[in-house]
Amino acid sequence: MNFTKMHGLGNDFIVVAGEKELPAGADQLAIQLCNRFFSIGADGVVFILPSEKADFQMRIINSDGSEAEQCGNAIRCVSKYVYDHKLIDAAEITIETIGAGVQKVQVHVQDGRVVTARVDMGEPILQGLQVPTTVDADEVIDYPIEVDGTSFRFTAVSMGNPHCVIYVEDAVNFDLATWGPKLEAHPMFPRKINVEFATVRDRAYTDMRVWERGAGPTLACGTGACATLVSSVLNGLSDREATVSLKGGDLFIEWLEEDNHVYMTGPAEEVFTGKL
């Protein structure tokens, strides 16, 4: 099996192309390969597969063996891979995901290689039970939650995968290791959840740090950045276009009124290739 190590702002993946379907035992394979001490190391394994609905299908297995419905950084990596490796020659690429349907990606190319990609991430899901949370409300905005006697307030958004956004005084230095896993597995979230801690600096710039469901703390989360922008607009804290700054770098996020879609623009990088 050939693989390519890639990352989007430090959120890194082992990308595998050429399989006809998701391999048997993909969950255990991902656990083995993503180990940073005894194997390649990554936040997840991404399989690029054939699709009947789009140019390609993307399947993402997290480092703990669970499958992610969608991943914003991974879809940029997949777009770069298929273009740079000449599997497609179009600047607009469609990629099928299991949680967010078919998504369109516009790649920006320099010297024959993709440097950034703008992804149509679709419409955010805001209804509480659909995110899913246990809150039956059309929108779950600034909602109270308690963990180990400490109170937080969250806004729930699904971008094809579930997120809760919590505003804190200093997201950059927030204690992810303590609160991330406890909130991820809170009973209010029946399928667990990705947790974003955010600090809005001004209406066009937000700091965010993330605890990803199934992967733990990562340097970046594309869907999390999208969810954070949507949450900030709903809470009256941000304009509909803003930079979300993550530990691994910045993403530019737009939530357009004309189609209600969220668009994410950012880089993707190839690190090295290998063979298993």
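Packing, taken as the mean count of other beta carbons within 10 Å per residue, orders the peptides 200-206, 213-219 from highest to lowest as 213-219, 200-206.
Please compute the length gained on full extension between Thr134 and Asn235, using 0.36 nm multiplied by the number of residues separating them and subtracting their Cα-Cα distance.
Working: separation 101, 0.36 × 101 = 36.36 nm, distance 2.04 nm.
Here the segment from Thr134 to Asn235 would lengthen by 34.3 nm.
The stretch between Val147 and Ala185, if pulled fully straight at 0.36 nm per residue, gains 12.6 nm over its current Cα-Cα span. Our summary gives segment 1-43 a relative contact order of 31 percent, counting only alpha carbon pairs under 8 angstrom and 6 or more residues apart.
At full extension, Lys275 and Leu256 could sit 2.6 nm farther apart than now, given 0.36 nm per residue minus the alpha carbon distance.
Restricting to Cα pairs below 8 Å that are 6+ residues apart, what does the relative contact order work out to for the chain? Please round to a whole percent.
So the answer I get is 20 percent.
Which whole-number percentage describes the relative contact order of segment 20-169, with Cα contacts under 8 Å and a sequence gap of 6 or more? Rounded, it is 15 percent for segment 20-169.
Seen from Thr206, the other residues with C-beta closer than 12 Å to its C-beta sum to a net charge of -3, counting Lys and Arg as +1 and Asp and Glu as -1. Computed from backbone phi with θ = phi - 60° and the Karplus coefficients 6.51, -1.76 and 1.60, the 3J(HN,Hα) list for segment 260-276 is 6, 8, 9, 10, 10, 10, x, x, 8, 9, 9, 9, 6, 10, x, 9, 9 Hz; x is used for glycine and proline. Residues considered: Gly44, Gly99, Gly25. Largest GNM mean-square fluctuation over the chain, using C-alpha springs under 10 Å, is found at Gly25.
What separates the Cα centres of segment 84-123 and segment 159-224 is a distance of 25 Å. Computed from backbone phi with θ = phi - 60° and the Karplus coefficients 6.51, -1.76 and 1.60, the 3J(HN,Hα) list for segment 74-90 is 5, 5, 5, 5, 4, 4, 5, 4, 5, 6, 5, 8, 6, 7, 7, 10, 8 Hz; x is used for glycine and proline. For the pair Ser39 and Gln110, a Förster radius of 35 Å applied to the C-beta separation gives a FRET efficiency near 0.60, rounded to the nearest 0.05.
Values quoted throughout were computed directly from the atomic coordinates according to the rules given, and no laboratory measurement underlies them. If you're wondering where the values come from, they're calculated on a predicted model, not measured in any experiment. Cβ atoms come from the backbone with ideal geometry, glycine included; neighbour counts cover every protein chain shown.
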